1. Probe radius 1.4 Å, ligands and nucleic acids left out: which of A:CYS331, B:CYS163 has the largest accessible area, and how do the rest follow?
2. HN-Hα J couplings of the range B:169-181 from phi, Karplus 6.51/-1.76/1.60, θ = phi - 60°, integer Hz, Gly and Pro as x?
3. At 1.4 Å probe size, with every protein chain present, just tell me what the per residue accessible area of chain A comes to in Å².
4. So how much accessible area does A:ASP47 have, in Å² to the nearest 10, using a 1.4 Å probe?
5. Hey, how much of the P(r) for chain B falls beyond 26 Å, as a percent of Cα pairs?
6. Lys and Arg at +1, Asp and Glu at -1: add these up for the other residues within a Cβ distance under 9 Å of A:PRO167 and post the number.
7. Where nothing but the Cβ of Lys and Arg (+1) and of Asp and Glu (-1) is charged, how large is the charge dipole of the range B:1-81 around its Cα centre, in debye to the nearest 20?
8. On a 0 to 90 degree scale, rounded to 10, what angle separates helix B:59-69 from the longest Cα axis of chain B?
Amino acid sequence: MYNYLEKVLCIEIIEKISRLQRFLSSEPYDSKRQGAEVVGVFLKAIDGIIDNLNAVIQRLSFKDTATEEEIVLDEWEKQALIRRLSDIFKSIEGLHSCMEFIYGRWVMPETRVFLKNVLDFIPEDRRPEKVNIILSNSYSFAEVDLYEDILSLADIRGNLKGEGQSPSIFLPKIERDNPLNWSILVHECGHVDHQGITNLLETPTIAAAYETPAIKELFSKWFMEIYCDLFATKILGPAYLTSFVTFALLSAGAGGSEVASLTHPADIFRISIIHEVLKNSNLKIVLSDPVLGFDDLSSLFFNMIEERTKLDRKYMHLSVKKPSKLRLGECVDIICEEVDKIISLNQQLTIKDFARVDSLAGRLEKGILIGASPDPDKINSMKKDLEQNITAKKLEEVKGAIQESRVLPWEIVNAGWLYKVKKVYPQSFDIFFSTNELTIEDKIEKWGEDLEGMDRLLLKSIEASEIQALFEEE
Amino acid sequence: MVLSDYEIVQALLNEDIIITPLINSAKQIGSSSVDLRLGTEFKLIRIVKQTHFDLSVPTEQIEEQVREYTEVVHVEPMQPFFLHPNEFALASTLEYLVLPRDIAGRLEGRSTWGRVGLQVHSTAGLVDPGFEGTLTFELNNMGKLPLPLYPGVRIAQIIFHRCSPVSEPYTKKVGAKYAKFIGTKYTMFYDDYEYQKIQRFIQGNIKSSIKTKD
């Protein structure tokens, strides 16, 4: 398959467009209402974004006139297209940040259910009583103490008695009903565990890595990010990496994946660590039909960010060096140990937890809820026993065998990603990169309906999983 | 012929019938039925300014009128939804069901809830062979006290009837409006071909009356 990275980026951008359209249409505006004109301006802007995207799609859809085969782009053109796609994503981000002009909504109950399950990993004495989730206008996931933030804005902190805390996590509005990208919320939950982070920073090896006060502040922030990355990795497995990679691919500007900031290490640096930890823990989701020669989800996505980084390097002539003073391997091991203290080993994912991810992805393909799943071994062993003259006692045994067991939210999210890679991407490539009578607007509309169905399936699966946990008997 | 517990279990084992999540099979599978649980989404009829469904407007606007007519309430697990006396609400099963081509279903209430006045459907209890999706409840509280309804409680049951295989399963039918849906869906009466004809007729009349005035 040619130009996989560029096509995946196009599909991810189409997904954002579709979600933006859905968010706008889900608001209670109709032609008689005041807000219709405001929404109309947004929709007009989306049309412009679609036009820009269509130019890239057209280029990727070109076929060699002699052979009728897809063309292979050279590296320079790849780089140009990727840069163009990044710019298009920036215009979506820009539009997203203007969402304050329209009526907003609170998060879905499913998001709170998902978050509750994540926070359960943090020991009770270290977990805040409540964590808010707020739909944000800016396209960023972040954790802040709202109490602190808002009071300091109003400059009235000193006038109030007593300390307050209101840890809050922001979720971009267009990701409101996309559980696959809630993976990044898990990282933000890591920030809520202040105790764990303080413990980590006081660890002698980590403290020694600072060496000078100047880098102390920088490294403490970086280590905190890596700590939260590993927190999310140990809970979610490959789904965290895939989510992070798509986010990084879209949001990074030129050379972006290699650019670090005062608060965050470079994306490629963080993703390399996550990939390494997944490999070392053997947390692998197998692709039964390898894609681009990769037979597991994490390696495929890691390769995509590497490809983008290499292209950027050629274009930007960047030469990034690892900080010489940082004994990386040793520090990552320490961070891992600290994360292990919160998420006890029996809570962490193992390869066994992924045993049914493939069959769950198969159920998603059929449109079936995956909040619970039957045990095929038990069912097969019972099939032969079920005969016409079965006793009442035996019937109860068979009933027990068909009872389904809970599918955990992490399995649901991983199954969702697997399904996306196995089915959604290839089907979307067929829809958008093959010529047919439909306009791109019509294609996006039809495709958006399917996306909405898939979101619904995943959201309801998360809820069903929670209800299963509440009502299943020991 | 109504399926017995033995036949239901066999159909579930062979995945001829799929009911998921099947949280507690021992409690849910009765002698000739399977208990179904309440989902998390409710659609309540609300008091609106509109006097009727206006068919003289384009379909998208009728759709909008239907949405205006209902209020969506989404409760979290372990949170109640109160259905007040004489109140009507749409809801859905927690379970996703798949029926084969030779089994139809009939949705019924559970006696436990019937005794306090809860009706789970007013008129549409038949599930066609080949149906896939969640089932819709037309909840009505005929009692005198508000009923606390929690997601996941067993409020209904489905009885299966075997028939000879139908020519086309419900889900594959053109115009199967409620197939493969998860959650509670609004009415789509305007999608019926009769209503589409009526709509065209009304719209045609309006146009010709405008011409006559000209």
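1. So, going from the largest accessible area down, we get B:CYS163, A:CYS331.
2. Per residue, the Karplus-derived 3J(HN,Hα) values read x, 3, 4, 8, 5, 5, x, 6, 6, 10, 6, 6, 7 Hz.
3. Accessible surface, normalised per residue, equals 45 Å².
4. A:ASP47 exposes around 60 Å² with every protein chain in place.
5. Of all Cα-Cα pairs in chain B, 44 percent lie more than 26 Å apart.
6. Surrounding charge for A:PRO167 is -1.
7. 320 debye
8. 60 degrees
The values are calculated or read from the model by the stated rules, or taken from the named source; none is laboratory data. As the structure is a computational prediction, the values presented were derived from the model and not from experiment. Heads up, the Cβs are rebuilt from the backbone with ideal geometry, glycines too, and the neighbour counts pull from every protein chain shown. Only protein heavy atoms, including side chains, enter the accessible area calculation; ligands, DNA and RNA are left aside. Shrake-Rupley method; radii C 1.70, N 1.55, O 1.52, S 1.80 Å.
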